[in-house]
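A quick write-up on the structure given underneath.
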Amino acid sequence: MAGTLNTSEEVYDFIGELAIALYSKKIQISLGSLRSILADRGKDYNNNRGMATGVSAAYRRWKDKDPVVYHAIAYTYTDKDGNLAWDKGGSQD
């Protein structure tokens, strides 16, 4: 295991750092894929709806910390249909 994420802050930081790395390469991943990555690092979310809540919290955490990462989060993570996870038109399951 690469490194365990123990606190919510560590998870939110990881989500943001991963988002900026993926966004810089124009890569989008599903919430399910993000869930798998986080599970490998010791943080499990019960379902994609829970993962969406985690992404939303990370999004809010990065808003003032770094607006570039904040926007990368918004455009990196997608629902199962490929819609942006934050978009109301997308499903969360």
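Assorted remarks:
- Lys pairs under 21 Å by Cα in the chain, provided they are eight or more residues apart or on distinct chains: 6
- Charge tally around ARG41: other residues with Cβ under 15 Å, Lys/Arg +1 each, Asp/Glu -1 each, net -4.
- Ranking by accessible area, most exposed first, for LYS26, LYS43, LYS65, LYS80 with a 1.4 Å probe: LYS26, LYS80, LYS65, LYS43
- Look at the Cα gyration tensor of the chain: its axes a ≥ b ≥ c give a/c under 1.5, and that counts as rounded.
- Axial C-alpha extent at least 20 Å, average Kyte-Doolittle at least 0.0 - helices from the chain (DSSP): 8-24
- Local electrostatic count, THR4, Cβ distance below 9 Å [Lys/Arg +1, Asp/Glu -1]: +1
- Charge dipole of the chain about the Cα centre (unit charges at C-beta), most positive-ward option of ASN48, PRO67, ILE37: PRO67
- For the chain, carbon and sulfur atoms together expose 48% of the accessible surface, with a 1.4 angstrom probe and every protein chain in place.
- Per-residue SASA remark: SER36, around 70 Å² accessible (1.4 Å probe; ligands, DNA and RNA not included).
- Adding -39500 (n - 2.57) for every DSSP H run of four residues or longer, then dividing by how many residues the chain holds, sets the calculated 222 nm ellipticity at -19000 deg cm²/dmol.
The values are calculated or read from the model by the stated rules, or taken from the named source; none is laboratory data. Here the structure is a predicted model, which means the values were calculated and not measured. All Cβ positions, glycine included, derive from the backbone under ideal geometry; neighbour counts span all protein chains shown. Areas reflect the complete protein model, heavy atoms only, side chains present, ligands, DNA and RNA absent. Shrake-Rupley method; radii C 1.70, N 1.55, O 1.52, S 1.80 Å.
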